[in-house]
Amino acid sequence: MTRTIGFDGIREGSYVTFASALTKHTDEDKLVKVSANGTVALCGDNEPFHGIVRVIDGQDKGASVQIDGFVTMSFDPDHADPALGWQNLICGDAPTLVTVSVSGDAIRQYLVVSVDSAGHTVTFLLG
């Protein structure tokens, strides 16, 4: 039997619920930052991120945010590919893209375990 490489579910845990002004069926799977007490907002270009919003409640706009575990995101193809190992990742041109910080804007490093240069995706540990 051939084993495959997989990082799904490792340290993922529960999602953390924040208040938000995000839109259900539009803003899921995007990078977010803590923007006020108990509140998240979408990240802007070159901003640090704190998690990825996974579920948005349609009535109260509560956002369930993944803040731990391995994730795969697209990286900005207009910038250099992330390298394997510890990287300073920040939000790219859109909250669906990550990019490597070259100016020291990142607040932390993330462990990059896989880079797909052709598909422009990177797998890294959120927390």
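Any chance you could check the Cα centroid distance between segment 55-127 and segment 19-49 for me, in angstrom?
13
For 110, 15, what's the fewest-to-most ordering of other Cβ within 10 Å of each Cβ?
15, 110
Using modelled backbone amide H atoms (1.01 Å from N, in-plane), which distant-in-sequence or interchain residues come within less than 5 Å of residue 30's amide H?
Close amide H contacts, sequence-distant or interchain: 53.
Could you give the length gained by full extension between residue 35 and residue 109, i.e. 0.36 nm per residue of separation minus their alpha carbon distance, to one decimal place?
Gain in length upon complete extension: 24.6 nm.
Rg (Å, one decimal) plus Dmax (Å, integer) for the alpha carbons of the chain?
14.5, 50
Among all stretches of the chain without exposed trypsin sites (Lys or Arg not before Pro) (DSSP loop, at most 16 other Cβ atoms within 10 Å), which one is longest?
62-107
Using the Karplus curve 6.51 cos²θ - 1.76 cosθ + 1.60 with θ = phi - 60°, what ³J(HN,Hα) values do you get for each residue of segment 112-121, in whole Hz, with x for Gly and Pro?
8, 10, 7, 10, 10, 5, 6, x, 6, 10
What FRET efficiency, computed as 1/(1 + (r/R0)^6) with R0 = 30 Å and r the Cβ-Cβ distance, is obtained for residue 59 and residue 93, rounded to the nearest 0.05?
0.45
Given H placed 1.01 Å from N in the peptide plane, which residues other than close sequence neighbours of residue 86 have an amide H under 5 Å from its amide H?
Result for residue 86 returns 112.
Would you calculate the volume per residue, in Å³, of the smallest convex hull containing every Cα atom of segment 16-66?
Cα-based convex hull of segment 16-66, divided per residue, equals 64 Å³.
Read-outs throughout are calculated quantities, based only on the coordinates presented, and are distinct from any laboratory measurement. Note that this is a predicted model, so its numbers are computed, not measured. Neighbour counts are summed over all protein chains in view; Cβ atoms, including those assigned to glycine, are modelled from backbone coordinates with ideal geometry.
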